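Report on one structure; see the data block that follows.
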Amino acid sequence: MIVHAYYGLMAQCLIVTAVARLARALWWPKTPSFATLEVVIVSALLLLASVDGISLAEHLRGLWGDPSVTTVGILFAFVLWPRSLPKRPTRRGALVVATVGSALLYLPALSGLTLFGMDPYSLGYAPWAIITALLLASVALWRIVDLVWIRLISYAMLAYGLRLLESDNLWDYLVDPGLVIGVVVVAFVTPASQGTARAEPTMASH
Amino acid sequence: MLPAVKHDAQTITAVVHRSVELPTPTASAHASSIAVLPDGSLRVAWFGGAKEGAADVGIWIAAIGADGAVGDHWLALSRGDLQRRLHRVIRILGNPVVWCDPNGVLRMWVVSVSYGGWSGSAISALDSGDGGRTWDHARRLVLSPMFNLSTLVRAQPVPLSGGATGLPAYHELGKKWGLWVRLDGSGHVCAMERLGMAAGNWLQPSVAPLDESHALALLRCATAEVGAIGSATTSDGGGMWNSGGPIGIPNPDSGLAVITLHDGSLLLAANPSKVGRARLQLFRSRDRGATWTPSRTVAQQDGAEYSYPCLVESPDGVIHLSYTRMRRGISLVSFTSAWLDEVAAP
C-alpha cells in the first residue's frame, strides 16, 4: 500500500508541475526556468498543504486517480529531461494510438459494449496476450517507432511485474484517459513539424 | 472453479425462528451484510450516519453470539479512517460487504466516493484478524479504466476453489451491468467478467453456486418497463455468464439476496412488487432456479420500507437474514429450513 501511495502522490506532483511548466512555456516563454526547483516547490505545496485533514495531492488523487507509468514517464521527461522526448512529427501516430486506445478501453467502459462478447479491459488481468502482442510489435516496429516509446512500454511492463500501482490490470500501467486526452491535444494543437517537442520549456535546468 | 456445494445428509428438522433489531447508534442505517465467524458467532455490518451520503456516515458492526444474543457494536470504519489509509480524499461511504474467509480472516469490501454521487464509486478492501475490531491492508480494487469510476459491491462473495473468491459487483454510471470479479487468495483481482444480460439496466448481482461449474446470478432491475428480477448463468465456473432472462418475480428496482442452502435448494429474499419496498418475502427453488415458490413473508407494512436483504447460512444449518428497516435500523432474522417448510405460501 505504501508503495502505491508514494507512486500516486508523486505522480500528482509531477502532473501539476508539468501543467505549470506547460502554461509557462505557452504564455510566458521568456521567464527563466528551473525544473528541479519547480518540482520541489510544487511537491512541497501539494504534499504539505492540508485541506480537510489531508494533503492537496491526496485530493487530486481522489479526483482522477493514479496515472499510468507511461504518462508518468512522459511527464518526467517533459519536466526534467525534455531532450529525451521524440522530435519527429507524431501527429498521425498519436491520433491512431489515441483512437484505438479509446475505442478498445473507454467506449466499452462507458457504454457497456463489448468486442465479440468480451471486455477488452478484463484482458489486462491475465495479460499474456497483451504482453506478447507488445513484444511482437516492438520487434516489428523497432526501426520505425522512436525508441522512447518502446522504452516507456518496457518500464510499464516492469512496473506491472512489481505491482507498483494499485491496479492488477496491465492496461492501467500502459494507458489512462489523461494520456489519451493529452495525445489528442498534442496531435491537434502542436504544429505537425514539431510534434510533442513543441511544448518544451525554452530554458531547461539540465 | 466454483466450490462443490455441500449437501448435508442430515437436514436440521428443528424449527428455529428468532428476530432481533440491531442497535441504532445513528439516525440512518442501510445495506447490511453478515459474516459467519469460525466460532459460529456473526458480525453484521451496515452503513449508518445522519443520512445516506452524509459526511458522518461510517461502517458499523454489531457482534451476534452463536446463541443469537446481540453483543456490542462499534464504528468499524469512518470516512476519515479510509482516506488516511488510502491516501486519497473520501467523501461518502456505503455498502459494506463482510465475509470470513476459510483462514478465519474477516474481509470487508466497501463502496466509497471521492467526488460526485454513487455512480462515481470505487471499491476498497480491508482485512481484520480480530473479528472486525481493527482493520488493516486497505487497498483499492481497480475495475474500470475510466479513472476507476463506478464499480460497487452489495452482495456476499462466493468462495472458489484454490483459495480464490468470487465477488459479485456492478457498474452504475450511465448503463448498469453486473460484474463477476475473481480475487486470488491475497485479494488481488485476477479476472473480471461481465454478466451477460437481457436488454435493460441490471445491478447488484447476488450469486448462488449450483455445483462445481454452474452458478446462478440474480440481479436487481433498474428498468421500469421490465420490472422483474433478472438472471444470468455460468456453466464454466464463472468464466462466462449468459443471460437467463427475468425470472418472473417482480422487482421495484430493489436489492435482493440469493443463497444455496445445504440441502441444495435456493433461497431468495426480495421485494416482490412493481412499486415500493413494503414487503420483504422469501422464495425457494428446488430445481436450480427454474421455478420459484413463495415462502414466508418476513416483513410487511403499507408505506414502510424493508429492503436490501442479506442471506447467509451457518455451518450448523441456521439461516440468517438481515435487512434495512425503514432506513432507520437493521433487523436480523434467524431461522431453519424447517421453519420455511412449515408454510407452502404466506
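The values are calculated or read from the model by the stated rules, or taken from the named source; none is laboratory data. Source: prediction; values computed, not measured. Cβ sites come from the backbone with ideal geometry, for glycine too, and all protein chains shown count toward neighbours.
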In the set B:G200, B:G162, the lone residue that is modelled with pLDDT under 95, surrounded by fewer than 24 Cβ atoms within 10 Å (Cβ to Cβ), out of contact with any helix residue (DSSP H, G or I) (no Cβ under 8 Å at 6 or more places or on another chain) and away from every other protein chain (no Cβ under 14 Å) is B:G162
A:L37: passes all of (1) within 14 Å of chain B (Cβ to nearest Cβ); (2) assigned to a helix (DSSP H, G or I); (3) not polar (S, T, N, Q) but (1)
Restricted to the stretch B:127-150 and to residues being more than 10 Å from every other protein chain (Cβ to nearest Cβ) and free of Cβ contacts under 8 Å to residues at least 60 places away in the same chain, the residue nearest to B:G187 (Cα to Cα) is B:S128
Check: Taking the stated definitions as given, is B:T134 among the hydroxyl-bearing types (S, T, Y) and out of contact with any His (no Cβ under 9 Å at 6 or more places or on another chain)?
Finding: yes
In the set A:D66, A:D52, A:D119, the lone residue that is surrounded by 14 or more Cβ atoms within 10 Å (Cβ to Cβ), at pLDDT 75 or above, closer than 26 Å to B:S114 by Cα and over 20 Å from the mean Cα position of the chain (by Cα) is A:D119
Per the filter on the stretch B:32-69, residues farther than 24 Å from B:Y115 by Cβ, part of a strand (DSSP E or B) and of a type in the set (G, A, S) are B:S32, B:S33, B:A35, B:A45, B:A62, B:A63
Among residues of the stretch B:246-265 being crowded, with 21+ Cβ neighbours inside 10 Å and part of a strand (DSSP E or B), the residue nearest to the chain's Cα centre (by Cα) is B:A257
Only one of (1) more than 30 Å from B:D136 (Cα to Cα); (2) surrounded by fewer than 19 Cβ atoms within 10 Å (Cβ to Cβ); (3) without any contact (Cβ under 8 Å) to a residue 60 or more places away in the chain; (4) of a type outside the set (G, A, S) does not apply to A:V42, and that is (2)
How many residues of the stretch B:201-214 are over 16 Å from the mean Cα position of the chain (by Cα) and closer than 22 Å to B:A269 by Cβ? The answer is 3
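Looking at B:G185, B:G178, can you tell me which residue is buried (at least 18 other Cβ atoms within 10 Å of the Cβ) and within 30 Å of A:R163 (Cβ to Cβ)?
Unique residue meeting the criteria: B:G178.
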A careful count of residues in the stretch A:53-68 that are over 21 Å from B:S78 (Cβ atoms) and of a type in the set (S, T, Y) gives 1
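Residue by residue, here is whether (1) in a helix (DSSP H, G or I); (2) away from chain B (no Cβ under 14 Å); (3) of a type outside the set (A, V, I, L, M); (4) crowded, with 20+ Cβ neighbours inside 10 Å holds:
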{"site": "A:L107", "(1), (2), (3), (4)": "yes, no, no, no"}
{"site": "A:L113", "(1), (2), (3), (4)": "no, no, no, no"}
{"site": "A:I150", "(1), (2), (3), (4)": "yes, yes, no, no"}
{"site": "A:M157", "(1), (2), (3), (4)": "yes, yes, no, no"}
{"site": "A:Y160", "(1), (2), (3), (4)": "yes, no, yes, yes"}
{"site": "A:S167", "(1), (2), (3), (4)": "no, no, yes, yes"}
{"site": "A:Y173", "(1), (2), (3), (4)": "yes, no, yes, yes"}
With criteria (1) at negative phi; (2) buried (at least 19 other Cβ atoms within 10 Å of the Cβ), B:G237 comes up short on (1)
Screening B:G289, B:G264, B:G276 for residues that are within 21 Å of B:L216 (Cβ to Cβ) and either touching a Ser or Thr at 6+ places or on another chain (Cβ under 9 Å) or without any contact (Cβ under 8 Å) to a residue 24 or more places away in the chain (or both) leaves only B:G289
Of the residues in the stretch B:39-55, those that are modelled with pLDDT of 95 or more and either closer than 15 Å to B:S322 by Cα or touching a Gly at 6+ places or on another chain (Cβ under 8 Å) (or both) come to B:S41, B:L42, B:R43, B:V44, B:A45, B:W46, B:F47, B:G48, B:G49
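Report whether or not B:A191 is out of contact with any helix residue (DSSP H, G or I) (no Cβ under 6 Å at 6 or more places or on another chain) and either free of Cβ contacts under 8 Å to residues at least 24 places away in the same chain or surrounded by fewer than 20 Cβ atoms within 10 Å (Cβ to Cβ) (or both). Walk me through how you get there before you give the answer.
Details: out of contact with any helix residue (DSSP H, G or I) (no Cβ under 6 Å at 6 or more places or on another chain): no; either free of Cβ contacts under 8 Å to residues at least 24 places away in the same chain or surrounded by fewer than 20 Cβ atoms within 10 Å (Cβ to Cβ) (or both): yes.
When the stated conditions are applied, B:A191 does not pass them.
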Of the residues in the stretch A:175-192, those that are surrounded by 17 or more Cβ atoms within 10 Å (Cβ to Cβ) and within 14 Å of another protein chain (Cβ to nearest Cβ) come to A:V175, A:D176, A:P177, A:L179, A:V180
